[in-house]
Amino acid sequence: MYPATMLTVGAFSRASGLPVSALRYYDAAGLLRPAHVDSATGYRWYAPDQVERGRLVARMRQTGMPVADICRVITSDPVTARRVVDAHQRRLEAELATASAHLADVRELLAATTSLTVDDDALRAALRAVRHAVSEDAGWPALRGVLFDVDDVGLRLVATDRHHMAVAGVPVADVSGRAARVIVPVAVVDAFLDRAKTARVDMSLAAHRITLGGLDGAPIDALYPDYQALLAAHGSWPGDARPVAVGVTVPAPDLLERVLRSDVGSGPNGQRRGDLVLISLDPAEVRVGEAPGTVAFDREFLADAVRSFGDADLLLTVGERDAMRLAAVHGPDAVVLLMPVRRDAA
C-alpha cells in the first residue's frame, strides 16, 4: 500500500506534461526514475516532488535539447547547467538564422514570374476543350479553375471535377522563367473567352498574380491533383499512348447524336435513368444502349466531352476501372477521361 500522495504513471504524465512513452525512456536512461517500482506488478510510482523535475525535462525536450544535455542540466551544478542551456540556445539561434536564409531563397523563387506568349485562337480552343470539366463544388477549391501547367514541353490546360477530366495542349511561342503550375479561376477564364480576339496573348504566371491578355487576377491558392499520374494510368498523352486493349474510331458528331438520343430505360425499381448512357466498345464499333459488356456514363458529361472536340474523329479507349478515354485522331492535343457510373446508383 502506498501513500495517497504517490502518483501513478498516468497521473505523473498529466502533471509533468511528459507522455507515458517518454517516461519509460527517461527511466531507462536514468534521467527520471520512478520513486518506487512494485516488484510484483511492475507498476511505477512517482513522488510529488518529482513533478517539478518532470516539468523541467518536458520544457527542455520541447526545445529539441538532446537527452545527454538534459542529463547534464539535471545532474550538474547551476553554473554548468546554465552553460549547457546557453550553448543549446546559441545552436537554436544559428539554426534559425540558417533556416530563415533558406526560406528567403525559397520565397524569391516562388515570387518568380513565368511569362509566355501563345496564339489567341489556340488558347481559346484549348480553354473551351477543358472548360466543361471545371468543378462547381465549393468544397474543392483547387478544382474550381483551370490548371495552367508550363514546362519545357509547353503549356497544358487541365480541368476536372473528379468525375471527368479534360487536358488540352497549347503551342507556345516564347517562354521565359521557370516551370510553373498555376490554377486560374474559372471567372478569369470565362472573362478571357468573352473578350475580343487578338492575334497573340501574352500571359504571366506567378504565385500571387496572373495576367491573361489584358486581364489580371489572383490564382487559386491550393494544390492541384496529380493529373499526370491519371493520364499515365489511362494511356497518357496523344502520340505517347501505350497499347490499349480496345480502341474504336468514330466521328464526334455521329457519337454525339447517338449519345443524345439513347435511352437506358428504367432501373430495377422502376426509376428513370435517362441521365445515363450505356457504352460498349469492340474492335469494330461503338455500341450505344443495352448490350453485353456495356458501361454506364453520365450523359451530360459525355455529351460535353464529345462536343469539346468539334468535328474531329475520336479515338475511344477503355482503361482502368472502365474509365473511357477520348482523344482526337488528328487535331489538337486534347484528352478527356470519363469515369463510369454504377448503374444501381442511378
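The values are calculated or read from the model by the stated rules, or taken from the named source; none is laboratory data. It should be emphasised that the depicted structure is a prediction, and the values quoted were computed from it without experimental measurement. Note that each Cβ is placed from the backbone with ideal geometry, even for glycine, and that neighbours are counted across all protein chains shown. All accessible areas refer to the heavy atoms of the entire protein, side chains included, with ligands and DNA or RNA removed. Shrake-Rupley method; radii C 1.70, N 1.55, O 1.52, S 1.80 Å.
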Note to self: Give all pairs with beta carbons closer than 8 Å in which a residue from region 17-32 that is in contact (Cβ under 8 Å) with a residue 12 or more places away in the chain and closer than 13 Å to Ala68 by Cα meets a residue that is in a helix (DSSP H, G or I) and among the aromatic types (Phe, Trp, Tyr); count only pairs at least 6 apart in sequence or on separate chains.
What the structure shows: Leu32/Tyr26
Check: Does Ala173 count as at pLDDT below 90, under 28 Å from Phe301 (Cα atoms), open to solvent by 20 Å² or more (accessible area, probe 1.4 Å) and not in a loop (DSSP other than H, G, I, E, B)?
Finding: no
Margin query: Can you list residue pairs whose Cβ atoms sit under 9 Å apart, with the first residue in region 169-182 being polar (S, T, N, Q) and the second being open to solvent by less than 50 Å² (accessible area, probe 1.4 Å)? Count only pairs 6 or more apart in sequence or on different chains.
Written below: Ser176/Thr114; Ser176/Ser115; Ser176/Leu116
Note to self: Cβ-Cβ distance below 9 Å, separation of 6 or more or different chains: which pairs start in region 61-80 with a residue that is farther than 18 Å from Asp27 by Cα and end on one that is assigned to a helix (DSSP H, G or I) and open to solvent by less than 40 Å² (accessible area, probe 1.4 Å)?
What the structure shows: Thr63/His88; Gly64/His88; Ser76/Val84; Thr80/Val73
Notebook entry, point to check: Of the numbered conditions (1) open to solvent by less than 80 Å² (accessible area, probe 1.4 Å); (2) within 23 Å of the chain's Cα centre (by Cα); (3) charged (D, E, K, R), Arg209 satisfies every one except a single condition; which is it?
Noted result: (1)
Notebook entry, point to check: charged (D, E, K, R) and touching a strand residue (DSSP E or B) at 6+ places or on another chain (Cβ under 7 Å): does that describe Arg44?
Noted result: yes
Notebook entry, point to check: Pairs under 9 Å by beta carbon, first residue closer than 20 Å to Met165 by Cα and free of Cβ contacts under 8 Å to residues at least 60 places away in the same chain in region 288-313, partner open to solvent by 40 Å² or more (accessible area, probe 1.4 Å) and part of a strand (DSSP E or B), six or more apart or different chains?
Noted result: Val295/Val318
Checklist line | Odd one out for Ala232, checked against (1) of a type in the set (A, V, I, L, M); (2) at pLDDT below 85; (3) farther than 30 Å from Pro185 by Cα | finding: (3)
Margin query: When the residues of region 17-48 are narrowed to those that are open to solvent by 70 Å² or more (accessible area, probe 1.4 Å) and β-branched (Val, Ile, Thr), which ends up farthest from Met6 (Cα to Cα)?
Written below: Thr41
Next item on the list: Being outside any loop (DSSP other than H, G, I, E, B) and open to solvent by less than 70 Å² (accessible area, probe 1.4 Å) is the filter here, so list the residues in region 49-67 that pass it.
Entry: Gln50, Val51, Gly54, Val57, Ala58, Met60, Val67
Notebook entry, point to check: Within region 176-185, how many residues are in a strand (DSSP E or B), at pLDDT below 90 and open to solvent by 20 Å² or more (accessible area, probe 1.4 Å)?
Noted result: 1
Checklist line | Odd one out for Thr113 among (1) in contact (Cβ under 8 Å) with a residue 24 or more places away in the chain; (2) under 24 Å from Thr5 (Cβ atoms) | finding: (2)
Next item on the list: Among what's in region 91-145 and is in contact with a Pro (Cβ under 8 Å, 6 or more places away or on another chain) and not in a helix (DSSP H, G or I), pick the residue that is nearest to Lys197 (Cα to Cα).
Entry: Asp119
Check: Taking region 186-217 on its own, how many of its residues are part of a loop (DSSP other than H, G, I, E, B) and over 17 Å from Val150 (Cα atoms)?
Finding: 6
Notebook entry, point to check: Pick from region 1-48 the residues that are among the aromatic types (Phe, Trp, Tyr) and in a helix (DSSP H, G or I): which of them is modelled with the highest pLDDT?
Noted result: Phe12
